[in-house]
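Working notes, structure below.
The values are calculated or read from the model by the stated rules, or taken from the named source; none is laboratory data. Everything numeric here is computed off the predicted structure, so don't read it as measured data. Backbone-built Cβ (ideal geometry, glycine too); neighbour counts: all protein chains shown.
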Ligand SMILES: [Zn+2]
C-alpha cells in the first residue's frame, strides 16, 4: 500500500486506539537539504507512545502543498514527523496547515532554512491530537517508497500565513508532492467525535 492517499468520508472505519501521547523536548534540529525538502534531524530524546508502542522522533520536514487530501481537498502545507521504534518500524504523524495568521512556532525554522542553520524548536507545538486522527498503513512518499509505514494524520488544522507558505515554497521553487495513490480497498480508520450536522471529513477539519 502506497502513500499519499485521498481520505474520503465514504471509505472510513473507526478505531478505539487513543491518539498518540506526545513527549517531545525542545531541542536543536539540523536541516539537511535533499534537493526536494529539508529534513530536520534531531538527536533529542523526543518520543511518542501509540498503540502500546514507543517511537522516537528522528526528523520532521514540510511539504508544499500537503500530500494527503480529504475528499479531494488539498491544504497548502503539511509537516511530517518521522519516528522509528527499536524494531525499525516507521510511524509518521502528519499535521496539516491552512492559510490564516502567521504561525510563530514555524518562524524560527523558516528563518533557519533560509540561512541553512540549525534551530531550536519544540515541535509538539505543531501537533494537536484533541480532535482525533486518521490512521492507515502506507509507505514513504519519497524513494524508496518503503511500505509498512503507519500514517497518523491529525484531524486539527494548524494555521500558517500565505507569506510563510511562499517563503518555504521559494526555497525549492517547486511543489514537493507525490501523486495521490490508489486506495486498493485499504481501510482508513478514524478516532474522534462525530458532530451532528457535519457530513464530511473536511467539515471535521475546520478549525475552531
Ligand atoms: Zn513527507
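Give me the residue from segment 131-173 that is surrounded by fewer than 14 Cβ atoms within 10 Å (Cβ to Cβ) and without any contact (Cβ under 8 Å) to a residue 60 or more places away in the chain and, out of that set, nearest to residue 13 (Cα to Cα). Can you show your working first?
Step one: list which residues in segment 131-173 are surrounded by fewer than 14 Cβ atoms within 10 Å (Cβ to Cβ), which gives 143-144, 146-148, 162-163, 166, 170, 173.
When the remaining residues are screened for being without any contact (Cβ under 8 Å) to a residue 60 or more places away in the chain, the result is 143-144, 146, 148, 166, 170, 173.
Values: 143: 29, 144: 29, 146: 24, 148: 19, 166: 36, 170: 38, 173: 38 Å.
Selected residue: 148.
With the condition kept exactly as written, say whether any residue in segment 75-82 is under 28 Å from residue 137 (Cα atoms), within 13 Å of the ligand (Cβ to nearest atom) and assigned to a loop (DSSP other than H, G, I, E, B).
No, there is no match, as no residue in segment 75-82 is under 28 Å from residue 137 (Cα atoms), within 13 Å of the ligand (Cβ to nearest atom) and assigned to a loop (DSSP other than H, G, I, E, B).
Which of the residues that make up segment 121-140 are within 22 Å of residue 166 (Cα to Cα) and either in contact with a strand residue (DSSP E or B) (Cβ under 8 Å, 6 or more places away or on another chain) or within 16 Å of the ligand (Cβ to nearest atom) (or both)? Break it down stepwise before answering.
First, pick out the residues of segment 121-140 that are within 22 Å of residue 166 (Cα to Cα): 121, 123, 125-127.
Listed by number, the residues that qualify are 121, 123, 126, 127.
Yes or no, residue by residue, for (1) in contact with a helix residue (DSSP H, G or I) (Cβ under 9 Å, 6 or more places away or on another chain); (2) surrounded by 19 or more Cβ atoms within 10 Å (Cβ to Cβ); (3) farther than 23 Å from residue 120 by Cα; (4) at pLDDT 95 or above:
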position: 12; (1), (2), (3), (4): yes, no, yes, no
position: 36; (1), (2), (3), (4): yes, no, no, no
position: 42; (1), (2), (3), (4): yes, yes, no, yes
position: 51; (1), (2), (3), (4): no, no, yes, yes
position: 61; (1), (2), (3), (4): no, yes, no, yes
position: 81; (1), (2), (3), (4): yes, yes, no, yes
position: 87; (1), (2), (3), (4): no, no, yes, yes
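Cβ-Cβ distance below 6 Å, separation of 6 or more or different chains: which pairs start in segment 175-190 with a residue that is under 16 Å from residue 148 (Cβ atoms) and end on one that is within 14 Å of the ligand (Cβ to nearest atom) and in a loop (DSSP other than H, G, I, E, B)?
The qualifying pairs are 181/2; 181/5.
So residue 72 passes all but one of these: (1) more than 11 Å from the ligand (Cβ to nearest atom); (2) out of contact with any helix residue (DSSP H, G or I) (no Cβ under 7 Å at 6 or more places or on another chain); (3) at pLDDT 95 or above. Which condition number does it fail?
(3)
Give segment 158-186 a look and list any residue that's more than 16 Å from the ligand (Cβ to nearest atom), assigned to a helix (DSSP H, G or I) and in contact with a helix residue (DSSP H, G or I) (Cβ under 7 Å, 6 or more places away or on another chain), or say none.
If the condition is that a residue be more than 16 Å from the ligand (Cβ to nearest atom), assigned to a helix (DSSP H, G or I) and in contact with a helix residue (DSSP H, G or I) (Cβ under 7 Å, 6 or more places away or on another chain), then 164, 167 are the ones that fit.
Would you say residue 110 is surrounded by fewer than 22 Cβ atoms within 10 Å (Cβ to Cβ) and either under 12 Å from the mean Cα position of the chain (by Cα) or more than 17 Å from residue 133 (Cα to Cα) (or both)?
yes
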